[in-house]
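Notes follow the structure.
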Amino acid sequence: MSLLRVEGLGKSYTADKQILKNINFEIKAEELVSIIGPSGAGKSTLLRCMNRMVEFSEGKIMFNNRDVGSLDKKELRNVRANIGMVFQHYNLVPRLTVIENVLHGRFGYKTTLQGLLGRYTEAEKERAFYLLEKLGIHEHAYKRCDQLSGGQQQRVGICRALIQEPKLILCDEPIASLDPNSSKIIMDLLKSISTEMGITCLVNLHQVDVAKHYSDRIIGLNKGEIVFTGTSHELNEEQ
Ligand code: ADP
Ligand code: ADP
């Protein structure tokens, strides 16, 4: 059964330029699917249409049997709770601790002048710590995020997505700012998130080799159009 189905999707930011044209694809639960293509192809726009961070102008997106385009504000909030996001530049709050950033993914910032952490329940904090442990960064839980390396910050970003208990994680160029070693750690994690936790991952990448190594399927995007869909093996045959 498909978790995500995109039909005839189109998007333009301005009247004179169509950014996405007639996009069609389906993603099954627990797949890791990569979107590859050159800079400016529309990968980021496409990914952000999935949870309406970018509003689309044509076509239809079905997520978990819900018509994403027709949801009202409250329904959209519920659907977004099932979709985690991971960004190229991590999008953490630098002056907050690692564990506070993770807790925010699920429970929002409980801001007070007395500090944040005291406002979360023990169970909430235990859950956050458990995820940090799973991703091997629990020893940094009480450090400020800006004291961590890029690879460590991205693991915090993934924890923040996971604490939502999402069905789908959208990753927009998650390794584009990382060195090869950290990139491998992050891609290995995303792979195990799809295979072991059963969470579907849709990942924008510009490195074809990485996409081939990790993806169940690859979508090739160029100038706003899908130019390829298939497995790594099929992509090899095409090239
Ligand atoms: P990619 O992720 O493949 O690099 P993007 O989706 O970021 O592609 O961008 C595709 C095109 O859409 C680019 O020409 C970019 O300048 C344009 N674009 C992206 N975001 C906006 C925006 N908010 N307003 C106008 N144009 C945008
Ligand atoms: P990043 O690499 O951190 O994702 P980008 O430079 O791709 O940063 O985009 C930063 C923001 O600017 C995004 O929200 C994107 O939608 C927006 N953006 C990109 N291109 C354009 C554009 N041509 N006009 C307006 N906004 C744009």
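Hey, can you tell me all the residues within segment 20-30 that are open to solvent by less than 20 Å² (accessible area, probe 1.4 Å) and either within 16 Å of ligand 2 (Cβ to nearest atom) or part of a loop (DSSP other than H, G, I, E, B) (or both)? Give the steps one after another, and end with the answer.
Of all residues in segment 20-30, those open to solvent by less than 20 Å² (accessible area, probe 1.4 Å) come to 20, 23, 25, 27.
Result: L20, single match.
Which of the helices (runs of 4 or more DSSP H) found entirely inside segment 119-227 contain at least 3 residues meeting this: within 16 Å of ligand 2 (Cβ to nearest atom) and not acidic (D, E)? Talk me through it step by step, then tell me what you get.
Values: elements: 122-134, 150-162, 180-195, 208-214.
Filter on segment 119-227 gives 150-162.
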Residue check, I35 within 9 Å of ligand 1 (Cβ to nearest atom) and at pLDDT 95 or above:
yes
What are the residues in segment 49-79 that are open to solvent by less than 20 Å² (accessible area, probe 1.4 Å) and free of Cβ contacts under 8 Å to residues at least 24 places away in the same chain, if any?
V68, L71
Return yes or no: is I61 in contact with a helix residue (DSSP H, G or I) (Cβ under 7 Å, 6 or more places away or on another chain), under 23 Å from M187 (Cα atoms) and more than 12 Å from ligand 2 (Cβ to nearest atom)?
no
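How about segment 1-19: which of its residues are of a type in the set (V, I, T) and in a strand (DSSP E or B)?
First, the residues of segment 1-19 that are of a type in the set (V, I, T): 6, 14, 19.
Once the filter is applied, which keeps residues that are of a type in the set (V, I, T) and in a strand (DSSP E or B), segment 1-19 yields V6, T14.
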Can you list residue pairs whose Cβ atoms sit under 7 Å apart, with the first residue in segment 31-48 being closer than 16 Å to I175 by Cβ and assigned to a helix (DSSP H, G or I) and the second being within 14 Å of ligand 2 (Cβ to nearest atom) and not hydrophobic (A, V, I, L, M, F, W, C)? Count only pairs 6 or more apart in sequence or on different chains.
K43/G37; K43/N204; S44/D172; S44/N204; L47/D172; L47/N204
Checking S34 against (1) over 19 Å from L71 (Cα atoms); (2) among the polar types (S, T, N, Q); (3) within 16 Å of ligand 2 (Cβ to nearest atom), only one condition comes out false. Which one?
(3)
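The values are calculated or read from the model by the stated rules, or taken from the named source; none is laboratory data. Note that the coordinates shown come from a computational prediction; the quantities given were computed from them, not determined experimentally. Note: ideal-geometry Cβ built from the backbone for every residue, glycine included; neighbour counts use all protein chains shown. The accessibility values were calculated without ligands, DNA or RNA, using every heavy atom of the protein model including side chains. Shrake-Rupley method; radii C 1.70, N 1.55, O 1.52, S 1.80 Å.
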